[in-house]
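These notes concern the structure reproduced below.
The values are calculated or read from the model by the stated rules, or taken from the named source; none is laboratory data. The structure presented is a predicted model; accordingly, all values stated were derived computationally and were not measured. With ideal geometry, Cβ positions are generated from the backbone for all residues, glycine too; neighbour counts draw on all protein chains shown. Calculation scope for accessible area: heavy atoms of the full protein, side chains included, ligands and nucleic acids excluded. Shrake-Rupley method; radii C 1.70, N 1.55, O 1.52, S 1.80 Å.
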Amino acid sequence: MLVYENIRLALFSLKANKMRALLTMLGIIIGIASVIAIMTVGNSITTYVSDTMASMGASNITVGLQQKEEEKESTKEGMSFGGRQRMKSATEDDYFTREMLKNYCEIYADSIMAISAQETIGSGKITEGNLYANISFSGVSLGYFLANDMSLLEGRFFSEKETEDGKMVAIVSDKVVNNLYDGDKEKALGSIFQANINDKFYSCTIVGIYEYEQSAMGFSSSSEKDITTSVYVPLKAAQNANHTTGYSQFTVVTKTGVNADEFASNTERFFSTYYRKNKDFGPSAYSMSSMVESLTEMMSTITLAISIIAGIALLVGGIGVMNIMLVSITERTREIGTRKALGATNGSIRLQFIVESIVICIIGGIIGIILGIIMGSVAANLMDTPASPSVGSIILSLTFSMAIGVFFGYHPANKAAKMDPIEALRYE
Amino acid sequence: MEKKIVIDMKEIRKSFYIGTENELEVLKGIDIKVYEGEFVAIVGASGSGKSTLMNIIGSLDRPTSGNYTLDNVDITAAKDNQLSAIRNQKIGFVFQTYNLIAKTNALKNVEMPMLYGKIPGKQRVERAKELLHTVGMGDRMKHLPEELSGGQKQRVAIARAMANDPAIILADEPTGALDSETGRMVMDLFHQLHKEQGKTIILITHSPELAEETERIITIKDGLIIGERKGSGKPC
């Protein structure tokens, strides 16, 4: 009963001094808002990344080339940002060869389900009279479709022989079919088209059609008709077109039950033997799960850093609350004296001012939470990830602001409680 | 028929700065008896010890020595929280400066002593409304103190003083801040409460004319009672 009255009273006195209340709460608002914002963003990113990785297959291993450091052996982490010397770009001589890959597949046949490799030719257009479609043109291994969990609407994947021979057969998106063949898939299958990529012409036969899915990270700035979709040809065909035989990067899809992390280090060790003599480059292999892990780790480091800053803001905010409470009880000395004359015990005076301090802090906390969610959502939107404010951090923030209220409100409240009623009544 | 004694003070002494060079004895042995339903004035010039005596009567302070029994409760030995409860239940204060709680309407102000007396909400509001009607403030219950005139504020303060039906109403210069006309109205209100409801009222004042209106006048000077006589008991 008394608590309810005190809350009402505290709200009244806040309303009477809006500007002062707002300034008092500012530290708490900023502190809580930054915690909530960063938690929201961090949560969204982590959730998004893990979802994406899971859909791409957490058991996938990405193998690539990495510049060797001059003194030390290269670090194992593919994503580490060590103190690198001049960056060189890997050349044809440094790439993984077909030979290496073949040996690798033979030795680890038990663990490997498929190898996904990609060789980009470039972006351009398919024209057919007045009709056109924007495409990016690349060669992929059969494993690419498996690794990316793609299935066909119509037609078939490349045959063994087409893969082996590097024939110009293509798998196109349904958008291409819409643009060039009026959506008639039957008509599209088996047709030959001319693709103009950087002023070179390639003619291909369509053997399969996949459904285009807008990726969450992509931009949707172009209109439906102008959208750029991928056209896939066999890897060897693309390599022939680019006059190359090696791979700068590929993805390994492991069989179920294989420990991806362990297999990644095995893979790296295997390829290392080929690169002993290479001064500049060495192989690096990392699993998706370790990528997710290092990303999560990075996020939690950032979260921690911001939380410390927020903690300082909250501390300053708390001191602000204490300061204003001290001012408030001095201003209200006569009121305190009167209340005591009317029969308020020391305890009820103390309760009154602690409740007031808690109310200030909780209102500050709520404003902070709302601001934080807004900021977090805006940031998450800009990064095109779904915003997901964490309920835990909201509850924690509220509890924390309440704790600040009690902690920083106790001293002023106690001072009020201990006032001598006679002196207080006489106070001018 | 023997009347009930509400205030019984024996040999009340009060000293300040005890044990220092400046030790000052403000009250030097005061004996007062006040009976139920009496209207008593305590008169004295400033520095006479009048305020100190009022603080002790009002249980805001304890005497250094002597015995004080208020409505059969021994104040001398009471602890802080007990004094709070005694002030809440047995004493209704009326101050010279009204001391209404700011930004809190008349009704809530009158409810305040009942709030500390833990009286349930509904009962509290009903009683507060009734009291405000008694003092003629029934139509201004939702007004804030800032919106009331001095006389109106003092009437709200009197209603507040009666909230827990205390044994005594202790009025400290209740008309001191008012002009003579509104001061008259406040004094009439005290007379009305005394006559119609039989309230025990103790009026602390420096004004002999006001004191004359009460039934009994106690004069103090230099911490001692120097005279006691009957007053008219009627508004002049």
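At 222 nm, what helix-only mean residue ellipticity would chain A give, in deg cm²/dmol to the nearest 500, using -39500 (n - 2.57) for each DSSP H run of four or more?
Details: 14 runs with 232 residues, N = 428.
Result for chain A: -18000 deg cm²/dmol, rounded to the nearest 500.
The smallest convex shape that holds all Cα atoms of chain B, its convex hull, gives 136 Å³ per residue. Go through A:Lys175/A:Lys200; B:Lys90/B:Lys129; B:Lys90/B:Lys153; B:Lys33/B:Lys108; B:Lys129/B:Lys199 and tell me which ones have a Cα-Cα distance over 30 Å in this structure. Violating the 30 Å limit, Cα to Cα: B:Lys33/B:Lys108.
Each Lys and Arg adds +1 at its Cβ and each Asp and Glu adds -1 at its Cβ; summed about the Cα centre, chain A shows a dipole of about 2020 debye.
Between A:Ala241, A:Tyr286, A:Phe158, the Cα set farthest toward the positive side of the dipole of chain A (charges on each charged residue's Cβ, about the Cα centre) is that of A:Tyr286.
Take A:Thr345: with every protein chain present and a 1.4 Å probe, its accessible area is about 40 Å².
Give me the tail of P(r) for the protein assembly as shown as a percent: Cα-Cα pairs with distance above 35 Å. Looking at the protein assembly as shown, the distances longer than 35 Å represent 63 percent of pairs. Considering only alpha-carbon pairs that sit under 8 angstrom and 6 or more positions apart, the relative contact order computed for the range A:327-428 is 56 percent.
The residues of the range B:87-124 occluded by other protein chains by 50 Å² or more of accessible area, set against the chain on its own, are B:Arg87, B:Asn99, B:Ile101, B:Lys103, B:Lys108, B:Leu115, B:Tyr116; surface from heavy atoms, 1.4 Å probe.
Using a cutoff of 8 angstrom between alpha carbon atoms and counting only pairs six or more residues apart, the relative contact order for chain B works out to 27 percent.
Considering only C-alpha atoms, what is the centroid distance from the range A:18-36 to the range B:170-215, in Å? Using only Cα atoms, the two centres lie 50 Å from each other. Expressed as a whole percent, the proportion of Cα-Cα pairs in the range A:279-348 lying more than 20 Å apart is 66%. Summing both sides, the accessible surface hidden between B and A at a 1.4 Å probe radius is close to 2200 Å². Positive-end ranking of A:Gln194, A:Val35, A:Gly337 along the dipole of the protein assembly as shown, with charges on Cβ about the Cα centre, is headed by A:Gly337. Using just its DSSP H runs of length 4 or more, each adding -39500 (n - 2.57), chain B gives a mean residue ellipticity at 222 nm of -10000 deg cm²/dmol after division by all residues.
Tell me, what are the semi-axes, in whole angstrom and largest first, of the equivalent ellipsoid of the range B:195-236 as set by the roots of 5 times the Cα gyration tensor eigenvalues? Let's see the in-between values first.
Details: eigenvalues 81, 26, 16 Å².
Gyration-tensor ellipsoid for the range B:195-236: 20, 11, 9 Å.
Placing unit charges on each Cβ (+1 for Lys and Arg, -1 for Asp and Glu) gives the protein assembly as shown a dipole about its Cα centre, and among A:Val406, A:Met168, A:Ser59 the Cα reaching farthest toward its positive end belongs to A:Val406. Ellipsoid fit via the Cα gyration tensor, the range A:219-288: semi-axes of 32, 20, 13 Å, each the root of five times an eigenvalue, largest first.
Quick one: grab the alpha carbon gyration tensor of the range A:309-383, order the square roots of its eigenvalues as a ≥ b ≥ c, and give me rounded if a/c is under 1.5, else prolate or oblate depending on whether a/b is larger than b/c.
Working: a/c = 4.25, a/b = 2.96, b/c = 1.43.
Since a/c reaches 1.5 and a/b is larger than b/c, the shape of the range A:309-383 is classed as prolate.
Scanning chain A for DSSP H helices at least 27 Å long along the axis (C-alpha atoms) with a Kyte-Doolittle mean no lower than 0.0 picks out A:18-56, A:288-331, A:346-382, A:391-417. One equal scatterer on each Cα of the range B:161-236, no solvent, Debye formula: the resulting log10 I(q)/I(0) at q = 0.12, 0.13, 0.14 Å⁻¹ is -0.34, -0.40, -0.46.
For chain B, the per residue solvent-accessible surface stands at 45 Å², with DNA, RNA and ligands left out and a 1.4 Å probe. Close amide H pairs (under 5 Å, H built 1.01 Å from N) link A:Lys68 with A:Phe281, A:Gly282, residues at least 5 positions away or on another chain.
With Cα atoms defining each centre, the range A:366-407 and the range A:311-357 are spaced 28 Å apart in the structure. Apolar share of the accessible surface for the protein assembly as shown: 56 percent from carbon plus sulfur atoms, 1.4 Å probe.
About the Cα centre of the range A:118-246, how large is the charge dipole given +1 on each Lys and Arg Cβ and -1 on each Asp and Glu Cβ? Please answer in debye to the nearest 20. Each step should come with its number before you reach the end.
On the way: 10 positive and 17 negative charges, 58 e Å.
Dipole of the range A:118-246, to the nearest 20 debye: 280 debye.
In the range A:132-216, which GluC sites (Glu not before Pro) are in a loop and have at most 13 other Cβ atoms within 10 Å, using DSSP for the loop call? Listed in order of number, the matching sites are A:Glu211, A:Glu213. Translational diffusion coefficient of the range A:118-246 (Stokes-Einstein, Kirkwood radius from Cα pairs, 37 °C, 0.692 mPa s): 224 µm²/s.
How much accessible area per residue does chain A have, counting only protein heavy atoms and a probe of 1.4 Å, in square angstrom? Show your work: numbers first, answer last.
Details: 21770 Å² over 428 residues.
Ligands and nucleic acids excluded, the result is 51 Å² per residue.
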